[in-house]
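First comes the structure, then the notes that go with it.
The values are calculated or read from the model by the stated rules, or taken from the named source; none is laboratory data. Keep in mind it's a predicted model, so treat the numbers as computed, not measured. Neighbour counts run over all protein chains shown; Cβ positions are idealised from the backbone, glycine included. What goes into the accessible areas is simple: the full protein's heavy atoms, side chains included, and nothing from ligands, DNA or RNA. Shrake-Rupley method; radii C 1.70, N 1.55, O 1.52, S 1.80 Å.
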Amino acid sequence: MRTLATTALLLSLALLAAVPAGAQAPPPPYGTPITLEQAKKVLAGAEAEAKKNNWPVVIWVLDSGGQPMAMLRLDNAQWGSVDIAREKARSAVALRRPTKALQDAVAQGGANLRLLSLGYRVLEGGIPIVVDGKIIGAVGVSGVLSQQDAQTAQAGIDALGK
């Protein structure tokens, strides 16, 4: 009989096999979790991008352990986006890659469709936050088109370096 840990390990290995690596380097390792001040910068940068484009979104920032650091729901953002944005950030930090990679893998079909059964969000808009080559957290955005969610998330990450 399989233990829960064995099942989780097998699912993780299947997931990593399903996400195409191509000629890319392995994902960055985890680092010291994002600080509250850093999370606030990410949130502010993403908020500025969303407001500039009049996008009613929800923005989550999680630490490298997948725990909440900050969340913002802009006026008129659909309440369903609260959960979706958090899950995009959780998926990005758990799997150490942007959720766009997961979306692309599922679009290829075949064995990659098993990603849908593992509980990860496979929509663009979740991006790991990498500082000095290490993942310190992730940002997830939901509320508009997935590409716009990702644009908003990236603006938040870009604000961290300013």
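So here's what we get for this one:
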{"item": "Residue 72 being free of Cβ contacts under 8 Å to residues at least 60 places away in the same chain and in a strand (DSSP E or B)", "result": "yes"}
{"item": "Exclusive hit being under 29 Å from residue 107 (Cβ atoms) and at pLDDT 95 or above, set 53, 76", "result": "53"}
{"item": "Residue within region 86-101 that is touching an Asp or Glu at 6+ places or on another chain (Cβ under 8 Å), open to solvent by less than 20 Å² (accessible area, probe 1.4 Å) and of a type in the set (D, E, K, R) present", "result": "yes"}
{"item": "Residues that are over 19 Å from residue 81 (Cβ atoms), part of a loop (DSSP other than H, G, I, E, B), in contact with a helix residue (DSSP H, G or I) (Cβ under 8 Å, 6 or more places away or on another chain) and open to solvent by 50 Å² or more (accessible area, probe 1.4 Å), drawn from region 111-162", "result": "162"}
